[in-house]
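Inspection log for the structure reproduced underneath, given as structure tokens.
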Amino acid sequence: MVIAAYEESTAWITPLTSTIPNLRVRLYCKSLRMLDERCEYLPNIGQDHWVYLRYIVTHYRSLPDVVIFTMNGVLRNEWNGLLCRKLVYVLNHLDTEPKQHSFAGFVQMADLLPQPLGRPGSFVSWSPKFKLDTYRRGSGNEYVPLCLTAPRPLGRWYSKHIEPWARRIPALWNATGTFTTPADPHIGMSYHDIYAVSGQRLRDFPNETYAGLLAQVEACGSLAAEIDHYLERVVKAMFQRPGDMQLWGAKRPLCPLHLNSCNRSNANLQC
């Protein structure tokens, strides 16, 4: 499991992952103020996907069978603990060895609740016209300088940087010879960088793809970057395949109650 961290509490890691067989934690800390002994320190560049891309590029030839990618700030209270529930949803697909052996290749929780409860939820529709012209970090903060990507908006960027590689993947073509695009109803997109993907799905794209995306993020340095938001929105289009089935279960995934009292901003908190 690859965790992208910046001065948030790491108290959730052991309670949520200790029962997952074969799981190894790679905690990448983008602040020297974090004193967790598991920290592998990195400069504070980009958002979560910079950490993910760097990991993929570095370990491309030796990727594990399944990689869980998550931000460290899963204890945030916004949206009724949505981030923690998204991670629990992913872990529920990998919490036994039989589930790990039969893992289809990609799982990410939908942003919209399933109706009726018990069926997979709906993902957000593809938004090819999405772009950022201004940005502020967190609610109520002042607007900050924004590093724009090229080309814009999202649809044009996807067509240039992702689609040419995706078209080389046989599994993204159906029996009638139609290419699967993000606009297909079963693809769409999702928010937040929490998902699991197989090493094989990652290697469906050449390392050159990830290296190019990594270079785009790094070109923005410490500035807020529009590309971070594009990367968030293309995860499903890159890694989901037609026919992938995702379990939901009888109830929505919930975080352990004792984690709800954890202070999300204290990097050394123990709950």
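FYI, it's all coordinate maths here, none of it is from the lab. Since the structure is predicted, the reported quantities are computational estimates derived from the model, not experimental observations. Heads up, the Cβs are rebuilt from the backbone with ideal geometry, glycines too, and the neighbour counts pull from every protein chain shown.
A few remarks follow.
- Annotation: amide H of residue 42 within the under-5 Å range of 29, 30, 31, sequence separation 5 or more or interchain, hydrogens built in the peptide plane.
- Counted by neighbouring Cβ atoms within 10 Å, the residues 70, 10 run from fewest to most as 10, 70.
- Computed over neighbours whose Cβ is under 12 Å from that of residue 171, the net charge equals +2, Lys and Arg +1, Asp and Glu -1.
- Here's the picture: a label point sits 7 Å out from the Cα of residue 61 along the beta-carbon direction, and within segment 196-230 the residues with their amide nitrogen under 19 Å of it are 199-212.
- Between residue 130 and residue 152, the distance separating the two model label sites (each 7 Å from Cα on the Cα→Cβ line) works out to 1.5 nm.
- Amide H contacts of residue 225 (H built 1.01 Å from N, in plane; Pro and chain starts excluded): 147 sit under 5 Å, all sequence-distant by 5 or more or on other chains.
- Total formal charge among the other residues, if their Cβ is under 12 angstrom from that of residue 90, Lys/Arg +1 and Asp/Glu -1: +1
- Annotation: the residues 228, 48, 133, sorted from fewest to most other C-beta atoms within 10 Å of their own C-beta, follow the order 133, 228, 48.
- Segment 35-101: C-alpha gyration tensor shape, a/c 1.5 cut-off, then a/b vs b/c: oblate
- Whole-Hz couplings from phi, Karplus 6.51/-1.76/1.60, listed for segment 52-69; x for Gly and Pro: 4, 5, 4, 4, 4, 4, 5, 10, 3, 7, 10, 5, x, 4, 9, 10, 9, 10
- D_trans [Stokes-Einstein, Kirkwood Rh over alpha-carbon pairs] for the chain, 10 °C, 1.306 mPa s, µm² s⁻¹: 82 µm²/s
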